[in-house]
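J.: This structure is in structure tokens; I'll ask about it shortly.
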Amino acid sequence: MKKAIFVGVLLLVLSVVGACSQESSNEDVNENGWPTTLKMGMMATEDDNNLARTSSAFADDLAEELGIEVEFFEGQDYNMMIEAMRAEQIDITNFGPFGYIIAVERSKAKPIAIMGESEESAMYHSVIIVPADSPVQTLEELEGEDFLFVDPASTSGHLFPRASMISQLGINNDEIESYFSSVAYSGGHDKSILAIANGDAAGAAVCEFCVPMFAESGLFDADDVRIIQTTDPIPGGPLAYREGLPEDLVEAIKEFALSYHEKNPEYFEVMGYKGYFPVEDSDYDVIRETAELLDMSPEEMLE
């Protein structure tokens with residue numbers, strides 16, 4: 001597994017370097033002391049015609065605002081994005097909440113802004129979904145069935161629902177895998193939803209807003225899945241940057257992000273949000289507390 005992670009990160013690094021030049025473009029700076037190229041990463045999805053398109057538009061608009069090139073590319077999993085930031089192969093990206101606290105520890109990530117409907121309600125939920133025609137009505141009825149999580153470091157696709165299961169079912173963390181007939185990681189919220197819509201799994205944990213978002217994109221028929229449970233509120237994942245970027249550049253990115261809803265509301269609409277809002281690292285203490293409840297280190301989450 002470690003070899004696979006290394007190969008994945010290496011491929012990401014090579015793709016970024018190859019897209020620029022033989023030398024790192026961030027070695028060059030403009031008259032402001034800013035890098036001439038800012039590297040923005042985003043998690044890949046099956047919905048290349050919608051979410052990826054709006055994310056690419058964000059990069060293009062940011063480049064126009066800053067007056068420097070913004071290179072946009074997609075990563076395949078949380079570990080890849082975290083390691084790419086640590087290797088300074090990406091400068092800014094959107095992390096999931098738990099992916100963010102790992103990135104703080106490993107890659108010295110810092111938050112810029114958080115998506116939400118308002119500054120007071122920048123929260124979301126994890127949901128358990130089943131095929132629409134499944135007889136299952138409760139989590140307890142999924143005992144002995146196959147179950148999908150998204151990614152070991154996914155907050156809404158693994159950690160919060162896992163913690164909720166421990167509390168609701170009265171079992172410990174080590175018993176989750178034996179509670180179901182099989183537990184697997186799909187690699188993406190969209191992949192988990194598709195598996196449920198196609199009847200390839202009995203249950204899955206995904207982010208609440210992902211269900212209508214991917215349904216509206218045409219990725220699956222909303223009538224093919226059904227929500228049977230919702231978790232407590234979760235703070236959304238932040239747009240984050242790597243330590244070491246010039247402070248005035250970070251402020252320029254932050255100002256752009258916080259006002260981007262005025263320029264391109266569609267960017268947020270496809271995800272069910274209104275815009276970016278201010279966020280602090282301390283807002284993610286609840287995520288750290290959940291990690292302590294699970295008694296799982298970042299290393300264990302990303303194995």
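J.: Rounded to whole Hz and in sequence order, give me ³J(HN,Hα) for segment 180-191 from the Karplus expression 6.51 cos²θ - 1.76 cosθ + 1.60, θ = phi - 60°, writing x for Gly and Pro.
T.: Values, residue by residue: 9, 5, 7, 10, 9, 10, 6, x, x, 4, 4, 5 Hz.
J.: Sort segment 229-303 into rounded, prolate or oblate with this rule: let a ≥ b ≥ c be the square roots of the eigenvalues of the Cα gyration tensor; rounded if a/c is under 1.5, and if a/c is not under 1.5, prolate when a/b is larger than b/c, oblate otherwise.
T.: Working: a/c = 2.60, a/b = 1.43, b/c = 1.81.
Oblate, because a/c is 1.5 or more while a/b does not exceed b/c.
J.: Got a sec to turn the phi values of segment 205-212 into Karplus ³J(HN,Hα) couplings, 6.51 cos²θ - 1.76 cosθ + 1.60 with θ = phi - 60°, whole Hz, x for Gly and Pro?
T.: Result, ordered by residue: 10, 9, 6, 4, 6, 5, 5, x Hz.
J.: Rounded to two decimals, what is Rg over Rh for segment 126-232 when you use alpha-carbon atoms and the Kirkwood radius? Can you show the working numbers first?
T.: Values: Rg = 12.4 Å, Rh = 13.4 Å.
Rounded to two decimals, Rg/Rh equals 0.93.
J.: Nearest 5 is fine: what % of DSSP beta bridges in the chain come out antiparallel, could you say? Don't jump to the answer; show the numbers that get you there.
T.: Numbers: 23 of 38 bridges.
Restricted to the chain, the bridges split so that about 60 percent are antiparallel.
J.: If you restrict to DSSP beta bridges whose two residues both lie in segment 126-232, what percentage is antiparallel, to the nearest 5?
T.: Details: 9 of 15 bridges.
Bridges in segment 126-232 that DSSP calls antiparallel: roughly 60 percent.
J.: Would you mind working out the magnitude of the charge dipole of the chain relative to its Cα centre, with +1 at each Lys and Arg C-beta and -1 at each Asp and Glu C-beta, to the nearest 20 Debye?
T.: On the way: 16 positive and 58 negative charges, 86 e Å.
The calculation lands at about 420 debye.
J.: How about segment 214-298: which GluC sites (Glu not before Pro) there are in a DSSP loop, with at most 11 other Cβ atoms within 10 Å of their Cβ? Provide the component values of the computation, followed by the final result.
T.: On the way: sites: GLU216, GLU243, GLU247, GLU251, GLU255, GLU262, GLU266, GLU269, GLU280, GLU289, GLU292; in loops: GLU243, GLU280.
Answer in residue order: GLU280.
No lab work stands behind these numbers, since they all come straight from the coordinates. Note that the structure is a prediction, hence the values are computed from the model and not measured. A quick note on method: Cβ atoms are made from the backbone with ideal geometry, for glycine too, and the neighbour counts reach across all protein chains shown.
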